[in-house]
Amino acid sequence: MAITYLKNSKPEDEKAADDAKVRSIVEATLRDIEDRGDAAVRELSVKFDGYDRDGYRLSPAEIHTLMAKVSDRDMEDIRFAQEQVRNFAQAQRDSMLDIEIETMPGVILGHKNIPVQSVGCYVPGGKFPMVASAHMSVATAAVAGVPRIIACTPPFKGEPNPAVIAAIHLGGAHEIYVMGGIQAVGAMAIGTETIDPVHMLVGPGNAFVAEAKRQLFGRVGIDLFAGPTETMVIADETAADAELCATDLLGQAEHGYNSPAVLLTNSRKLAEGTLAEIDRLLKIIPTADTAAKSWEDYGEVIVCDTYEEMLAVADDIASEHVQVMTDRDDWFLENMTCYGALFLGPRTNVANGDKVIGTNHTLPTKKAGRYTGGLWVGKFLKTHSYQKITSDEAATKIGEYGSRLCMLEGFVGHAEQCNIRVRRYGGRNIPYGEAAE
């Protein structure tokens with residue numbers, strides 16, 4: 001077994017130190033929001049977003065004015081993308097059925113899929129206006145039937161971004177707030193004098209937003225741990241070349257200064273060619289200042305001997321986006337178990353998934369793909385079970401088993417719940433504190 005790193009990311013201890021700083025800042029900021037409410041939110045918005053107003057919720061008139069600034073072509077593109085997202089989300093929703101079955105005569109069990117009653121959607125937009133994130137969270141929540149959907153997005157260059165606001169509104173949000181970062185996530189989850197708290201937070205964001213969601217989990221639900229973008233390219237010489245690999249890596253590295261980008265290949269020639277191609281592209285790509293920093297600190301190039309080794313490394317890294325360009329893409333689809341989303345074949349790319357193709361782009365990061373998939377319509381639904389006994393015979397039979405099993409564990413009060421039914425519906429004389437025979 002031979003796995004060679006032609007390029008490593010920054011040491012793990014340095015990454016851990018960065019994470020610790022973020023945790024401390026987020027903890028203090030959330031405490032401040034809880035203590036001071038709107039005043040804290042306003043101070044943070046002025047400090048970090050450079051944006052000050054009496055109330056951060058947009059009025060219907062403001063929304064209308066902003067949407068009027070969006071060109072017809074851009075509005076058409078937004079509507080097209082949302083249609084793709086809605087269509088796939090609806091197909092997923094249709095696959096989730098309420099059920100009711102009679103497991104034995106007189107015993108009826110079932111479950112209902114009930115929408116979360118209020119959701120806060122974070123739509124990033126401080127550095128890049130993330131129009132597509134509105135489709136992924138707001139529109140998907142609407143398909144799920146969530147009755148109260150609110151959205152927060154930061155100002156872009158000092159003002160609400162018209163295209164982002166249009167996407168949020170068309171997606172189905174009932175309240176739109178122009179604020180970003182920890183203050184947005186904290187305000188939605190904790191609540192303030194002017195913002196009622198939600199039951200669940202969703203949406204991607206930077207390290208501070210992701211950490212805020214992590215710390216708020218339990219107080220509210222969250223979709224998943226969606227931090228800085230991660231991408232992996234799995235490639236061999238049969239399906240990809242250096243230009244394609246480099247383009248797909250840098251296309252995601254431009255998200256931020258800490259976006260991991262990994263090339264995993266069984267070809268040293270392709271690996272070395274990709275390294276050279278990345279150097280070339282970084283001299284011409286307009287977002288090179290961001291992408292170069294991510295590549296320097298978080299980029300990796302890994303060369304394996306076999307496809308089996310590539311599979312093992314890929315599952316261990318559990319990257320958010322995995323672009324597969326090999327002579328056996330379906331083999332990876334069949335065998336990979338830990339990732340956010342797969343993009344199969346050279347005709348496919350992560351940007352399509354991010355913006356328009358219809359699958360959801362809010363995906364697990366930081367190895368969370370080991371235990372969860374990405375945001376989807378099912379995340380906005382709670383599956384609640386129920387049970388009903390409709391005959392005396394069933395009440396007696398289940399009660400007898402229940403009585404004995406409760407006493408086996410020493411729960412006398414539990415057993416009595418069963419025994420009283422056996423007495424009433426089965427005519428049995430069971431002394432208090434004893435198991436049914």
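The values are calculated or read from the model by the stated rules, or taken from the named source; none is laboratory data. These numbers come from a predicted model, not from an experiment. No Cβ is skipped: glycine too gets one built from the backbone with ideal geometry, and neighbour counts run over all protein chains shown. Quick note on the areas: whole protein, heavy atoms, side chains included, nothing else; ligands and nucleic acids left out. Shrake-Rupley method; radii C 1.70, N 1.55, O 1.52, S 1.80 Å.
Sorted by packing (mean other beta-carbon atoms within 10 Å per residue), highest first, where do 130-138, 62-70 land?
130-138, 62-70
Each residue of region 376-384 was assigned a 3J(HN,Hα) from its phi angle through the Karplus curve 6.51 cos²θ - 1.76 cosθ + 1.60 (θ = phi - 60°); the sequence is 7, 4, x, 5, 8, 10, 10, 8, 10 Hz, with glycine and proline shown as x. Protein heavy-atom surface of the chain, 1.4 angstrom probe: 52% of the accessible area is carbon and sulfur, with nucleic acids and ligands not counted. For the chain, the relative contact order comes to 19 percent (Cα pairs under 8 Å, sequence separation of at least 6).
Could you tell me which trypsin sites (Lys or Arg not before Pro) in region 118-159 are loop residues by DSSP with no more than 13 other beta carbons within 10 angstrom of their beta carbon?
Working: sites: LYS127, ARG148, LYS157; in loops: LYS127, LYS157.
Within region 118-159, the qualifying trypsin sites (Lys or Arg not before Pro) (loop, at most 13 other Cβ atoms within 10 Å) are LYS157.
Scanning residues 5 or more positions from LYS127 or on other chains, none has an amide H under 5 Å from its amide H, with H placed 1.01 Å from N in the peptide plane. Our coupling estimate for region 428-437, obtained by passing each phi through the Karplus curve with A = 6.51, B = -1.76, C = 1.60 and θ = phi - 60°, is 8, 9, 10, x, 4, x, 10, 7, 5, 8 Hz, Gly and Pro reported as x.
Cα gyration tensor of region 264-401, axes a ≥ b ≥ c as square roots of the eigenvalues: rounded (a/c below 1.5), prolate (a/b > b/c) or oblate?
Values: a/c = 3.35, a/b = 2.37, b/c = 1.41.
Prolate is the answer for region 264-401, as a/c is 1.5 or above and a/b outweighs b/c.
Over all other residues within a Cβ to Cβ distance under 14 Å of GLU175, the charged ones net out to 0, with Lys and Arg as +1 and Asp and Glu as -1.
Dipole orientation for the chain: of the candidates ILE63, GLY273, GLN90, ILE63 has the Cα lying most toward the positive pole (charges on Cβ; Lys, Arg +1; Asp, Glu -1). When the helices of the chain are scored as -39500 (n - 2.57) per DSSP H run of n ≥ 4 and the total is divided over every residue, the value at 222 nm lands at -13500 deg cm²/dmol. For MET96, nonlocal amide neighbours, meaning residues 5 or more places apart or on other chains whose placed amide H falls under 5 Å from its own, do not occur. The computed P(r) over Cα pairs in 20 Å bins from 0, in percent for the structure shown corresponds, within (i) 19, 44, 25, 10, 2, 0; (ii) 23, 45, 24, 7, 0; (iii) 23, 56, 21, 1, to (ii).
Residues whose amide H comes within less than 5 Å of that of VAL262, counting only those at least five positions distant or on another chain, are THR231, MET232, VAL233, GLU300 (H built at 1.01 Å from N in the peptide plane). Each Lys and Arg contributes +1 and each Asp and Glu -1, all at the Cβ; summed about the Cα centre of region 90-152, the dipole is approximately 420 debye.
Solvent exposure of the chain, expressed per residue, is 47 Å² of accessible area, with all protein chains present and a 1.4 angstrom probe. For region 270-279, 3J(HN,Hα) computed residue by residue from phi via the Karplus equation (6.51, -1.76, 1.60; θ = phi - 60°) reads 5, 4, 5, x, 5, 4, 5, 5, 4, 4 Hz, glycine and proline entered as x.
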